[in-house]
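Shown next, in structure tokens, is the structure this report addresses.
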Amino acid sequence: MAGHSKWANIKRQKARVDAVKGQTFTKISRAIIVAARNGVADLDGNFQLRSAVEKAKAAGIPNENIERAIAKGVGKFSDGNALEAIRYEGYGPGGVAILVEALTDNRNRTAADLRVALTKNGGNLGETGCVGWLFQQRGVILLACAQVSRRSPQGAMLASLLEEDVLLELCLEIGADAYEWTEFEDAAAVELITAPEQLEPLTQHLKALGYGVAQAELRWIPQNTVVVDNPDQARALWKLMDALENLDDVQSVAANFELTEAILALA
């Protein structure tokens, strides 16, 4: 799962650039609408909505846009287009499994856009269930180990996570299933993996303990991976992932390939 985490880190870096271009605004606004529609408009009582709003603020989306998206989700404002969540499955170059989550008001348009993006980049759209069994939805909590000064109590706690025994003890204490090293904003970080239903309680527990949670989200994680050490295939997959994530209707893209250190060095 290490390679997948590195890919997630690359996506986080890309998201910062996309936010500047305004592309992320549409995606996060749609996530807010759906979260508000599926729960309550109160941030304290709707973890999904609170997470979406936190992402919106981190991306620099104005408060009025956030409030408008929430209002639209609860039915106070409508443009007549109802959004629905759909999952698509397919294959990338070399038979790599691709899982795409989308929010759309037009299934036909979204499917057509995905088919074009896949076909142009050496992949193809598959039938429902063709690769979904290869992935498992997990809760992922990101803790940035060097997010604050180590001289502060919180900074000392975060820095201590760089020690293996401290991290193992924390996982046992809060009930996390696993952990994985990664990077966040060019600093050391760790991702704690848990069951989807434990994402909210563990996030709140970590905050209560004094740990700074940089991100908490549900993510589709492959149960086994295909190692990619061919530069041409890696470039093709990179181009495909970019093409899929650049589609307005797409919220997330998961794949079961793992890039070698040599290939990552070429990024």
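No value in this document is a laboratory result; all are computed from the given coordinates. Because the structure is a prediction, the values reported are computed rather than measured. Positions of Cβ are generated from backbone atoms using ideal geometry, with glycine treated the same way; all protein chains shown enter the neighbour counts.
Couple of notes before you dig in:
- Annotation: extensible slack from residue 208 through residue 185 equals 5.9 nm (criterion: 0.36 nm per residue apart, minus Cα-Cα distance).
- Label-to-label distance, nm, for residues given as residue 128 and residue 74 (7 Å Cα→Cβ offset): 3.2 nm
- Per-residue Cβ neighbour rank within 10 angstrom, fewest leading, 57, 27, 239: 57, 239, 27
- In summary, region 175-267 shows an alpha-carbon radius of gyration equal to 1.29 times the 2.2 N^0.38 Å reference for compact globular proteins.
- Rounded FRET efficiency, nearest 0.05, which uses the C-beta distance separating residue 87 from residue 40 and R0 of 25 Å: 0.50
- In this label model, residue 173 and residue 137 are separated by 3.0 nm, measuring between points 7 Å along each Cα→Cβ vector.
- Label sites at residue 224 and residue 109, each approximated as a point 7 angstrom past Cα along Cα to Cβ, lie 4.0 nm apart.
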